[in-house]
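Each value in this text was obtained by applying a stated rule to the coordinates, not by laboratory testing. Source: prediction; values computed, not measured. Methodologically, a virtual Cβ is constructed for each residue, glycine included, from the backbone with ideal geometry; neighbour enumeration extends over all protein chains shown.
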Amino acid sequence: MSNIKKAFENGKAFIPFITCGDPDLSTTKAAVIAAVENGADLIELGIPFSDPTAEGPVIQNANLRALSNGVTTDRIFSLVKELREEVKIPFVFMTYSNVVFSYGARRFISSCKDIGIDGLILPDLPFEEKGEFLPITSEYGIDLISLIAPTSENRISMIAKEAEGFIYVVSSLGVTGVRSEITTDLPSIIKVIRENTSLPCAIGFGISTPEQAKKMADISDGAIVGSAIIKLLEKYGTDAPEYIGEYVKKMKDALR
């Protein structure tokens, strides 16, 4: 069984996203531990990239801060290895195809296996191109996680049938970022997913309040939050883990 399924075994999953190295790796480590202690079910770890096309200004700026502070993929791998000494919940990396290509796909994915990463999300990898990485992720037992967006339309069933780990449902058109309202017809997307796979699906993009998280989790298996957490890191810097812990607890409580 994929380790990722464990994130969805205890009710609705809360999945925080954290950009590694913003403002530094020791803060990332403390933020992850605070999130886990306060009920996070799976952690999405962002490997910074200079041109993160799926991200809005908040996460773009986090990427730039991390890169300007000298964060590298190797240093992030070392961080995850340290975290794995005390954190047992699933970890997935969220990054861009170029990061994997430039590192060397086999070297990157085998390193993911070695340090205890359970899945990989590449938002710029189209479904039709996943053959670039799928044979290697399959070999090393890393789930290559699919995204389904409002624009996926007649491709939803095709993507769902071949999905691994969990399905990341993109709530809205555009890039990541806090939204006051999510107006996409998500129930109809979830219905098609349910008809084609038994894998869990979680909704991300635009969720920031407990009310939004509950609404999204009521129609899916969980909620993913990034920008609202990155805003806490931007505001509080090295003091952010305490605030992230409080925020995660509030969000997880809303899903219970």
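Miscellaneous remarks
- Relative contact order (percent, whole number), region 76-219, Cα cutoff 8 Å, 6+ residue spacing: 18
- Of 217, 105, 202, the one that fluctuates the most in a GNM where the chain has Cα springs shorter than 10 Å: 105
- Mean separation of Cα contacts under 8 Å, 6 or more apart, over the residue count of region 1-65: relative contact order %: 38
- With θ taken as phi - 60° and the Karplus curve 6.51 cos²θ - 1.76 cosθ + 1.60 applied, the whole-hertz 3J(HN,Hα) list for region 108-113 is 5, 6, 5, 5, 4, 4 Hz, x standing for glycine and proline.
- Residues 197, 137, 28 arranged by fewest to most Cβ contacts within 10 Å: 197, 137, 28
- Simple spin-label estimate for residue 2 and residue 238 in nanometres, 7 Å along Cα-Cβ: 3.8
- The H on the amide N of residue 19, modeled in the peptide plane, is under 5 Å from the matching H of 46, each at least 5 residues off or on a different chain.
- Rounded if a/c under 1.5, otherwise prolate or oblate - region 3-255, Cα gyration tensor axes: rounded
- For the chain, built as a Gaussian network whose Cα springs stay under 10 Å, the top-fluctuating residue of 101, 17, 91: 101
- Mean residue ellipticity, 222 nm, helices only, the chain: the sum of -39500 (n - 2.57) across DSSP H runs of n ≥ 4, divided by residue count and rounded to 500, is -13000 deg cm²/dmol.
- Residue among 104, 21, 226 with the largest mean-square fluctuation in a Gaussian network model of the chain, springs linking Cα atoms under 10 Å: 104
- When each of 9, 44 is scored by the number of other beta-carbon atoms lying within 10 Å, the sequence from fewest to most is 9, 44.
- Residues whose amide H comes within less than 5 Å of that of residue 222, counting only those at least five positions distant or on another chain, are 13, 203 (H built at 1.01 Å from N in the peptide plane).
- Each of 138, 146 was scored by other Cβ atoms within 10 Å of its Cβ. Arranged with the fewest first, they read 138, 146.
- Relative contact order %, region 3-255, counting alpha carbon pairs below 8 Å whose residues are six or more apart: 26
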